[in-house]
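The values are calculated or read from the model by the stated rules, or taken from the named source; none is laboratory data. What you see is a predicted model, and the numbers here were worked out from it, not measured in a lab. Using ideal geometry, Cβ is built from the backbone for each residue, glycine included, and neighbour counts are taken over all protein chains shown. Keep in mind that these areas ignore ligands, DNA and RNA; they rest on the heavy atoms of the full protein, side chains included. Shrake-Rupley method; radii C 1.70, N 1.55, O 1.52, S 1.80 Å.
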Amino acid sequence: MSQRQVLQVFEQYQKARTQFVQTVAELATRPQNIETLQNAGVMSLLRPLLLDVVPTIQQTAVLALGRLANYNDDLAEAVVKGGILPQLVYSLVEQNRFYKKAAAFVLRAVGKHSPQLAQAIVDCGALDTLVVCLEDFDPGVREAAAWAFSYIARHNAELSQAVVDAGAVPLLVLCIQEPEIALKGIAASALSDIAKHSPELAQTVVDVGAIAHLAQMILNPDAKLKRQVLSALSQIAKHSVNMAEMVVEAEIFPVVLTCLKDKDDYVKKNASTLIREIAKHTPELSQLIVNAGGVAAVIDCIASCKGNIRLPGIMMLGYVAAHSENLAMAVIISKGVPMLSVCLSEEPEDHIKAAATWALGQIGRHTPEHARAVVVTNTLPVLLSLYMSTESSEDLQIKSKKALKNILQQCTYLPALEPLLYDAPPNILKHVVGQFSKVLPHDCKARRLFVTSGGLKKIQEIKAEPGSLLQEYINSINSCYPEEIVRYYSPGYSDTLLQRVDSYQPLTH
Amino acid sequence: MATLARLQARSTSMGQQYYYRNSVVDVFRKKENDAAVKIQSWFRGCQVRAYIRHLHTVATTIQKWWRGYLGRQRYQLIVKIQRRWRGYKIRKYCFNYYYLKEYLKAVSETNDAVRDFRIMNSCTLFRCREALEEFAEMKDREEKKADLEREEKKRDYQARKTHYLLSTKQIPGIYNSPFRKDPDPWELRLQKAKPLTHRRPKVKQTHSVSLSDWLACTSARSFPRSEILPPIDRKPCQGPFRPVAEVLEQRYRPLEPTLRVADPLDGLKEARREVQRQEWARNVNDNMFLPFSSYHKNKKYIPTLHLSSKYGSDSYGRQHFRDENPKRWICDKDFQTVLPSFDLFSKYGKLYSKAGQIV
């Protein structure tokens, strides 16, 4: 019986340990408990349980540790300082798949907070063991390892280089080809995090043949997977013309255009980011996108969403229009300008407004036709108000001024220029008056309209320094009209007339 | 007179001196003369060359004007041809207005096609048209399915909430009017629906039972006892019942696992853990032996043969473990077991009835 009593003591202790570790793991799922747990010193209690005899206790202890480290970076640092990582790495090789999953979870939770913690993980040799996990049969283990790689590579280029040197990239590409959707998504996000830092890293990803596999997955119905795949392709395409061409050669157009109509907002955002990164390199690539109908798809996408989701689409239109006037004309006939004006007036955020003004400026700056198309939608007063408003940020003011200048230098559509005569500050007024002085000498109908609408009166009221450019423009406008009219509209004319009346001596016979 | 005498005495030496001084300077005189001549000649050469250069430029200018005048006079025709040709070239090749118009029209047509991709008929999109149509259809189907499911759920919930409107034997419900031939379909739905109950607090799942728990609960101390003990002088029930104690003993017989079950699965792991435990108790130095992380830095990763093959991993051994050829099967059914399996040796001497026992 005494043997039984002795064994009972051990059983009770084991039960107590199991219960403790399971409750801690469960409590660690709620953020409000974690502070209390931390103050109670849970880390030092969990540490010996990692080396426990019973495998379930070990696994649950690792899981609890992972959840705690996931929550905030003090705890993650405590994990690193407590020397737990080498133990985890050492046991990762031997243990079963539950332990491997939990240990990979801990590595990911520690690595996600800051580059220093991720560097600590790299220094303890975890990358090689994670690469071994990436070859495991169980898809859950591979998913956990790929996730850990993705969080480590996210921070900066050196860490990504360490991940690449460990040989993870070919295995990640193999993971992408697996049938499990979660694994595919996480492998795609890992490749995206690796490729985003520098062209060399992106070249490494491309050399393994990732683009073809990623391109095949674009039509997959799962929304999260599409997000990651599109993000990966855009991170690859953004670095150089060659990479953008390689992405295009994988025949993503016109398939990507269907992603622009997806229900999920972030899929739309990532798809428009991808198209933007391709369009911005050369005019030929933008031409390709326009020929495939990409501009219309992007405009519809902008119409269907709000806020930051629109931003890549707006920038894409600007980039396409900036390359050449034919492409800008293509943007205009796809009804891009009304859409951009709507964005400009609707959006509350300054950076989106700045992007929209920039895009409008790029469209309107090529020829008078383009400027007319931009100006007809009544955008000039809006641009002027953005430039003059004290609430706009500096970036917005600079961009709206540039856009105004560029459009005004090409604009010959006088009805749209007239409102600007009244409100504009002197530096903008100079351009407006200059445009009038270019158009009025040649068009008599416009001259008549100018007089009847009160523009000539306003011109006379402008005070300009003699010899300045503004004065020259005013003079050239005045020379288009007979002298009586100019005198009639000049300020103080009524006073001079009355003076003449006063000084007139009627002829007395 | 004295001076004259002095002078006369010196005259010979003066003559010598004079001759000597002239002869000394003579050497330098030649050199200096040559140098002066050289400088002068060089400078005069430069002057002349500049003058000739100036004459050349003037002559070239005059010739240029004259030749241009001659050319303009004589070659008007050629200039006309060049003018016509340049205009044609620009209009046809560099900036072709009509081509631009056609291009913009094509772009707008493509845009319309993309905006409503069920009527895509551009030849450049032909390759992906089928895939895109399938995709569009799939999306439609999914949407419709989701809508139908949502409606079904809503109706079901309504039926559960209004379950009290079901008709009883005495009183027909509002959906089961006696003047109708059949009851309303909503009545049938109400009949099928389960009434809603109050939400019960979720009972926490207890941990699954493991081998040791079963052993513990079958020990003699943990018989389930009712709160009220049975009376002492209870007459045994009439009928072919076995004695209670025997039944209870049989029912709560402790588990005697077979050799196969009692054997631990992880004998190797146990041994390893034993070693670890001994080391833990025995070791002087607690620091783990860290692997050299930089040792592996330059090592190229050599993938296994399995992974480095072109076709990737084989599905045999991962997804299916048996080599099945359905084409070779004679009939559709699997093998039937004619005789059930039996444990010959584990239930030795422990069957319920004494019949068939050897000893």
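Quick notes on this one:
- Ellipsoid semi-axes for region A:435-496, based on the Cα gyration tensor and the rule √(5λ), read 18, 16, 9 Å when sorted largest first.
- Rg/Rh (Cα only; Kirkwood hydrodynamic radius) as it applies to region B:1-123: 1.80
- Rg of the Cα atoms in region A:253-411, relative to 2.2 N^0.38 Å, amounts to 0.96.
- ³J(HN,Hα) computed for each position of region A:433-443 - Karplus, 6.51 cos²θ - 1.76 cosθ + 1.60, integer Hz, glycine/proline x: 5, x, 5, 4, 5, 7, 8, 4, x, 9, 10
- A Förster radius of 56 Å combined with the Cβ-Cβ distance from residue B:35 to residue B:70 puts the calculated FRET efficiency at roughly 0.60.
- Between 0 and 90°, nearest 10: helix A:493-503 axis offset from chain A longest Cα axis: 20
- Loop GluC sites (Glu not before Pro), region A:312-352, which have at most 14 other Cβ atoms in a 10 Å radius of their Cβ (DSSP): A:349
- Among the chymotrypsin sites (Phe, Trp or Tyr not before Pro) in region B:1-98, those placed in a DSSP loop whose Cβ has at most 12 other Cβ atoms within 10 Å are B:75, B:95.
- Placing a pseudo-label 7 Å from each Cα along the Cα-to-Cβ vector at residue B:163 and residue B:105 gives an inter-label distance of 6.9 nm.
- Here each label is just a point 7 Å from Cα along the line to Cβ, and for residue B:322 and residue B:255 those points are 2.9 nm apart.
- Placing pseudo-labels 7 Å out from each Cα toward the beta carbon at residue A:476 and residue B:136 gives an inter-label distance of 5.3 nm.
- Phi to ³J(HN,Hα) by Karplus 6.51 cos²θ - 1.76 cosθ + 1.60 over region A:369-380, Hz, x for Gly, Pro: 4, 5, 4, 5, 4, 6, 7, 4, 7, 6, 8, 4
- Estimated from helices alone, the mean residue ellipticity of the protein assembly as shown at 222 nm is -21000 deg cm²/dmol (sum of -39500 (n - 2.57) over DSSP H runs with n ≥ 4, per residue).
- Förster radius 30 Å - calculated FRET efficiency between residue B:86 and residue A:325, Cβ distance, rounded to 0.05: 0.90
- Normalised per residue, the accessible area of the protein assembly as shown is 67 Å², obtained with a 1.4 Å probe and no contribution from ligands, DNA or RNA.
- With 0.36 nm allotted per residue and the present C-alpha distance subtracted, the residue B:245-residue B:202 stretch has 11.7 nm of extension available.
- Surface share of carbon and sulfur [accessible, 1.4 angstrom probe, percent] for the protein assembly as shown: 56
- Spin-label proximity, residue A:11 to region B:251-281 - amide N less than 16 Å from point 7 Å beyond Cα toward beta carbon: B:253-257
- Computed over region A:191-245, the range of Cα coordinates on each principal axis works out to 31, 18, 18 Å, biggest value leading.
- About the centre of its Cα atoms, the protein assembly as shown shows a dipole size close to 2480 debye [charges on the beta carbon of Lys, Arg (+1) and Asp, Glu (-1) only; nearest 20 debye].
- Loss of accessible area when A meets B, both sides summed, Å² nearest 100, probe 1.4 Å: 3900
- Neighbourhood net charge (12 Å Cβ-Cβ; Lys/Arg +1, Asp/Glu -1) for residue A:256: +1
- For region A:183-279, the direction-averaged projected area of the alpha-carbon convex hull comes to 5.2 nm².
- Contact order relative to length of chain A, as percent, for alpha carbon pairs under 8 angstrom and 6 or more apart: 6
- Sparse packing (at most 15 other Cβ atoms within 10 Å of the Cβ) combined with a DSSP loop state is found for the following trypsin sites (Lys or Arg not before Pro) in region A:446-509: A:463.
- Relative pair counts by distance (%), Cα atoms of region A:7-64, 10 Å bins: 24, 53, 20, 2
- Linear extension gain, residue A:458 paired with residue A:351, 0.36 nm per residue minus alpha-carbon span: 35.0 nm
- Cα pair count fraction exceeding 48 Å, expressed as % - the protein assembly as shown: 58
- What the Kirkwood sum gives for chain A is a hydrodynamic radius of 27.7 Å, with every pair of different alpha carbons counted.
- Using R0 = 45 Å, the C-beta based FRET efficiency linking residue B:188 and residue A:36 works out to 0.25.
- Phi to ³J(HN,Hα) by Karplus 6.51 cos²θ - 1.76 cosθ + 1.60 over region A:190-204, Hz, x for Gly, Pro: 5, 5, 5, 5, 6, 6, 7, 7, 8, x, 5, 5, 5, 5, 4
- In region A:385-482, the alpha-carbon atoms span a convex hull of 100 Å³ per residue.
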